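The values are calculated or read from the model by the stated rules, or taken from the named source; none is laboratory data. Bear in mind that the values here come from a model prediction, so they are computed numbers and not experimental data. With ideal geometry, Cβ positions are generated from the backbone for all residues, glycine too; neighbour counts draw on all protein chains shown.
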Amino acid sequence: MAETQQTMTEFTYATGETDVIGDRFSPSVVLFWLRTSVAASDMRVMYKSPNTLLGVIPLGSSTQTIPLRNIASVDTNTKFNLGSFVWGAVFLVAGLSFLSSSALVGILFLLLAAVNLANTMSAQLDFVNQAGGRNSVKVSILEKDKLMQLAQNIQQLVFADVEGLRHQESMDMAQKQYTAQTNSVLIQQQMLDQQRKTAADVDPSPAQTE
């Protein structure tokens, strides 16, 4: 799929979306030819990451879209993948045990072990919502610095959106207060007019005599 000029990713944005940023990453040290894409605008965040079997066989991809207003913070961290470590150790033991009896099977297991052990450490980007839930994107540990830079840029969009929402809420509150005050003045004026009319009906002015 063609990359957009704004973000160098395959995502496209609607007319009116601004502050578009994004980048592409390798999902792991081994699968350097695949790409995980992350992009954001002033309205939403989108990311697309490949799915794999045993950490090496591509099985399609998954795409996620998150409204920017649903994001409370953007975090990055280094992740230790226990599953990859365990599978790597299992494949390593199996490969060493099969080398003497079947070299081909042993080499295959050793390759799977190398792939999983190489993926033991990864960089992770977390989009945290107001309830504490997380949407996570994992990329190669070698691209952690680039991921952190993108995370900072997206965090700035989140802060700008929060400030915009606060400003809008403040304007809405001021408008409601003004409307309430105006209605109160109108009601008081109507009550005063009604009292004057009632007083005039009950106590009319005496007719003048010559």
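Values as computed for the structure displayed
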| item | result |
| --- | --- |
| So residue 81, is it touching a residue at least 40 places away in the same chain (Cβ under 8 Å) and over 22 Å from the mean Cα position of the chain (by Cα) | yes |
| Qualifying residues in region 40-78 (those that are among the β-branched types (Val, Ile, Thr) and touching an Asp or Glu at 6+ places or on another chain (Cβ under 9 Å)) - the one farthest from residue 29 (Cα to Cα) | 71 |
| Members of region 19-35 found to be within 18 Å of the chain's Cα centre (by Cα) and among the aromatic types (Phe, Trp, Tyr), listed by number | 25 |
| Within region 30-59, considering residues that are of a type in the set (Val, Ile, Thr) and crowded, with 19+ Cβ neighbours inside 10 Å, the one farthest from residue 139 (Cα to Cα) | 45 |
| Yes/no for residue 2 being at pLDDT below 75 and more than 19 Å from the chain's Cα centre (by Cα) | yes |
| In region 37-52, the residues that are under 15 Å from the mean Cα position of the chain (by Cα) and outside any loop (DSSP other than H, G, I, E, B) | 37, 38, 39, 40, 44, 45, 46, 47, 48, 49 |
| Selection within region 95-114 - buried (at least 17 other Cβ atoms within 10 Å of the Cβ) and either in the same structural domain as residue 39 (by TED's automatic domain parsing) or more than 36 Å from the chain's Cα centre (by Cα) (or both) | 95, 98, 106, 109, 110 |
| Filter result for residue 44 (within 30 Å of residue 158 (Cβ to Cβ) and out of contact with any Ser or Thr (no Cβ under 8 Å at 6 or more places or on another chain)) | no |
| Candidate set from region 16-29 (those that are over 17 Å from residue 151 (Cβ atoms) and among the small types (Gly, Ala, Ser)); member that is surrounded by the most Cβ atoms within 10 Å (Cβ to Cβ) | 28 |
| Of all residues in region 155-210 being over 30 Å from residue 68 (Cα atoms) and among the charged types (D, E, K, R), the one that is modelled with the lowest pLDDT | 210 |
